[in-house]
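The next block holds one structure in the form of structure tokens; read it before the comments.
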Amino acid sequence: MITHVLLNGFDARARWVVALLVLIAIAVPAANLYLPPESPFHVPTYALTLFGKYLTYALLALSVDLVWGYCGILSLGHGAFFALGGYAMGMYLMRQIGTRGVYADPILPDFMVFLNWKELPWFWYGFDMAWFAFLMVLLVPGLLAFVFGWFAFRSRVTGVYLSIITQAMTYALLLAFFRNDMGFGGNNGLTDFKDILGYNVQADGTRAALFAASALFLALFFWLASAITRSKLGKVLVAVRDAESRTRFIGYRVEHYKLFVWTLSAMMAGVAGALYVPQVGIINPSEFQPANSIEAVIWVAVGGRGTLVGPIVGATAVNFGKTWFTGVLPEVWLFALGALFIVVTLFLPKGIVGTVQAWWTGRKPAAAPTALKPEPAE
Amino acid sequence: MTKLRLLLALIALAILPVLVAPSPSRAATAIADEDLTRLVNALGSGGFSETEAAITVLAASGDDRVAGILEKLGSGDLVVRKEDKGVFLAEKAGADVKLTSLVDGKDAGVVAKGAVEKIKVNNKLRRTIASAVGSLTLRSADPAVRRAAAEAVMKSKDAAAVPALDAAIAAEQDPGVKAVMVSARASAVLASDMPEADKLAAVDTIGALGTRDALGLLSGYTGVEGPVGEAARLAAAGIENKLALWDAGQNVWYGLSLGSVLLLAAIGLAVTFGVMGVINMAHGEMVMLGAYTTFVVQEAIRTYAPGLFDVSLFIALPLAFLVAGGVGILIERTVIRWLYGRPLETLLATWGVSLILQQAVRSLFGANNREVGNPSWMSGSFMIGEIQITYARLWIIVFAALVFVALLAVLKRTAFGLEMRAVTQNRPMASAMGIRTPAVDALTFGLGSGIAGIAGVALSQIDNVSPNLGQGYIIDSFMVVVFGGVGNLWGTLVGALTLGVANKFLEPYAGAVLGKILLLVFIILFIQKRPRGLFALKGRAIEA
């Protein structure tokens, strides 16, 4: 049954997107590593890392679209799952530093030596093994999402209230991780990484590999999301989004559906964070800021929620704009971002991809009655 | 109605302690001018030991002018005129020296620098001067000076001051000042070589005070062996117990103060959310606009009418209401009106507005903190027992209560308030009854933003005024609204006060940050039980 679902999810759209991403995963690192710098197609390393970062943001946006565009849960705290995955990866990378840190302690990371700690706290055990760290990247955000979601959805907290308490959740985590005695690096975060899986984090080859990994994971999760949304489960999710009470009265266990997609989305965000950290080189508590989570939502809104392609487009476009603006006209960036929020919600409720899709289907002559498309509700 | 009256009575009671009663005064002492001149001139004769003897004699005279004379001696302002050995106060007048008589303050002429010789003082002399001035001021005419002198002796633990204090206590009429002198005497006794019985009596006296200063005094003797140390330890333990109670009271005060700040910040949000169902993410920026209005008003007053500084806040209040309310109505008409029925998108759009407002203020005023001063009636503090009450926070609590009462009056007693409540409870039916809901929406948003603006005026007094001011209050405002529910203003009041007091009580045990985290977790769990807050509106129209 699962294979059937997965194959069904591999529809035309998914084929195109996955193929494109696989192509990017191969071509761009090759252009960086094997083309000489003078060639016009050469991709400089900084651009490679930047696009890799965009890809991880695209994965985060995809996870937000899954819960918001298809299930109607506006999460203003997905940055928390992103950051938790990032911290798990960061802890693994910190343990890989070993004696090459400033204080040259074989076991304790620098900031612990600085705080006069004598031994590793219990929650750092196991992070020297890659498989454990990767497992934690999935489990920690997933577990938090599961517990949070179980409480929230059981009590039928919906709408604006739910959004506010997701914001409270990420804010609480922000405050907690800023404390220096939590054991996660405090306000400095985790940084100064040296190795990942034995390879130097800063080497060109590793960067290329991380870029390729980001593209491939995005492709994989896109396929997974496509499979879910095109399956019967996906149809129920859309029903929950559009008419929750009615779906409940028909007999579906709405809480279970919501919890499933919420937890899955959190795990996706965790993976995105884990891919983000080695490329950016640092993870600190400001990733938990509510503003970051709200920005992730605007990427989805700009791209088009309820279409899986939209968030990828939106994340890339908005972040590209941010890079450009903050380089050229820094004071204007916040005006532009704010205006983007307003313009998109007022004039582009379907986002770029959604509007294009609507226009494309609208062009066809109305020979047969087109199937009613449910409007994305709140 | 009775709740309103109760509130008004409580406000009146809160203002009462501010009125202070005056205390009795006391006759001055003086000796004849010729005698004083003779004693003063003795200061200039001979070396340090002669000066010291002269100081003692001067102090013993008890004249009111002696304290001033000795202080000037200590700061090196006295000189001896070589021709008649007279001692005068010297001031530089160009290359010459202007002399003033110390006895009657009359001008004594201008002489060349070479005609006078400065009276030198060393550290030992300065100590003698300090203690002489101390015991002199114990007999000053002004009770405030006497009290300050006694408190200084209590802190300095000067054993030599005991006889001076004995004399002062015998002559003291004011019971408040007398009590301070008795405690000062006890402190001096403990530091001296007097017999044990006296010291034990002194420990008892200090222990009976029950203040933090007394605890500090006693802790110097708790390590001592013997009955004195024993008594000190017992007395210290007793004081600590009493202080624990006062500390709890102080926490309640801080909690009330924080709660009133939260109330001011959140009440506009609760009103808007109740009527329109939209969470205004730009609410914090309305508070910021109010704070910046205060800044602009104060700058204008500083430049054009400095005398009006004390009423600057009263000028800023209506202006801030209008500015923030105007911006609020503008936002409602241009952005929110088109998003009717889509609360989540309104949330996003208002977040965009907040970014724009922040950046606009940053461009206009700069990203740094701007200085907003406290008017004189908001500075300072007073003590109730061991609880310190600052005027700024006291007036903010009063102000928050007034705003709450005013808003309650608007809601319950005006036609507009009636329309607001109707739209909150059942929008379609209110519209069917002829209420113009778009107008109510716009005016409600304006009212909510205006209240946030005047909250900003109050908050500018206790917080930094910067473009990020709003961000610090937005999450807390949300928590108050979510916790208290939006059916009812009392919900906001209870929510704000509860969160404020709970936060402050958690602080000593868990630290400020962890306390806040625990509160957030508590609210998340609370929402499970009551998804619409404490005071929720019920009914099918609300569930929609």
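Couple of notes before you dig in:
- Extreme residue, farthest from B:GLY446 (Cα to Cα), among residues of segment B:333-357 that are more than 7 Å from chain A (Cβ to nearest Cβ) and not basic (Lys, Arg): B:GLY341
- In segment B:185-220, the residues that are touching a residue at least 60 places away in the same chain (Cβ under 8 Å) and either under 17 Å from B:PRO163 (Cβ atoms) or buried (at least 23 other Cβ atoms within 10 Å of the Cβ) (or both): B:LEU217
- Those helices (runs of 4 or more DSSP H) of segment A:48-167 in which at least 1 residues are within 14 Å of chain B (Cβ to nearest Cβ) and closer than 19 Å to A:VAL271 by Cα, considering only elements entirely within it, cover A:78-97, A:130-154.
- Segment B:101-135, subset part of a loop (DSSP other than H, G, I, E, B) and not basic (Lys, Arg), residue surrounded by the most Cβ atoms within 10 Å (Cβ to Cβ): B:LEU102
- Subset tally (residues that are surrounded by 14 or more Cβ atoms within 10 Å (Cβ to Cβ) and within 21 Å of A:ASN188 (Cα to Cα)) for segment A:116-127: 4
- When every residue of segment A:61-73 is checked against the conditions, none turns out to be of a type in the set (D, E, K, R), in contact with a helix residue (DSSP H, G or I) (Cβ under 8 Å, 6 or more places away or on another chain), open to solvent by 50 Å² or more (accessible area, probe 1.4 Å) and in contact (Cβ under 8 Å) with a residue 60 or more places away in the chain.
- Checking B:GLU507 against (1) buried (at least 21 other Cβ atoms within 10 Å of the Cβ); (2) over 30 Å from B:GLN425 (Cβ atoms); (3) charged (D, E, K, R), the condition it does not meet: (1)
- Segment A:287-299 - residue that is at the interface with chain B (Cβ under 10 Å from one of its Cβ atoms) and more than 14 Å from B:GLN471 (Cβ to Cβ) and, of those, surrounded by the fewest Cβ atoms within 10 Å (Cβ to Cβ): A:GLU295
- From the list A:LYS258, A:LYS235, the one residue that fits, being free of Cβ contacts under 8 Å to residues at least 12 places away in the same chain, away from every other protein chain (no Cβ under 14 Å) and either touching a helix residue (DSSP H, G or I) at 6+ places or on another chain (Cβ under 6 Å) or in a helix (DSSP H, G or I) (or both), is A:LYS235.
- Number of residues in segment B:476-498 that are open to solvent by 10 Å² or more (accessible area, probe 1.4 Å) and not in a helix (DSSP H, G or I) equals 3.
- Scan of segment B:42-75 for residues that are modelled with pLDDT under 75, open to solvent by 20 Å² or more (accessible area, probe 1.4 Å) and among the charged types (D, E, K, R), ordered by number: B:ASP64
- Reported count of residues in segment B:264-323, each being among the acidic types (Asp, Glu) and buried (at least 19 other Cβ atoms within 10 Å of the Cβ), is 1.
- Search result, residues across segment B:359-368 that are more than 7 Å from every other protein chain (Cβ to nearest Cβ), surrounded by 15 or more Cβ atoms within 10 Å (Cβ to Cβ) and of a type outside the set (Gly, Ala, Ser): B:VAL361, B:ARG362, B:PHE365
- Which listed residue, of B:LEU317, B:LEU243, B:LEU234, B:LEU256, is within 30 Å of B:LEU357 (Cβ to Cβ) and either in contact (Cβ under 8 Å) with a residue 40 or more places away in the chain or not acidic (Asp, Glu) (or both): B:LEU317
- Matching entry among B:ALA452, B:ALA442, B:ALA400 (being crowded, with 20+ Cβ neighbours inside 10 Å and touching a His at 6+ places or on another chain (Cβ under 8 Å)): B:ALA452
- Segment A:214-258: number of residues that are under 24 Å from the mean Cα position of the chain (by Cα), open to solvent by less than 30 Å² (accessible area, probe 1.4 Å) and among the hydrophobic types (A, V, I, L, M, F, W, C): 11
The values are calculated or read from the model by the stated rules, or taken from the named source; none is laboratory data. None of these values were measured; they are calculated from a predicted model. Cβ sites come from the backbone with ideal geometry, for glycine too, and all protein chains shown count toward neighbours. Remember, those area values only see protein heavy atoms, side chains included, never the ligands or the DNA or RNA. Shrake-Rupley method; radii C 1.70, N 1.55, O 1.52, S 1.80 Å.
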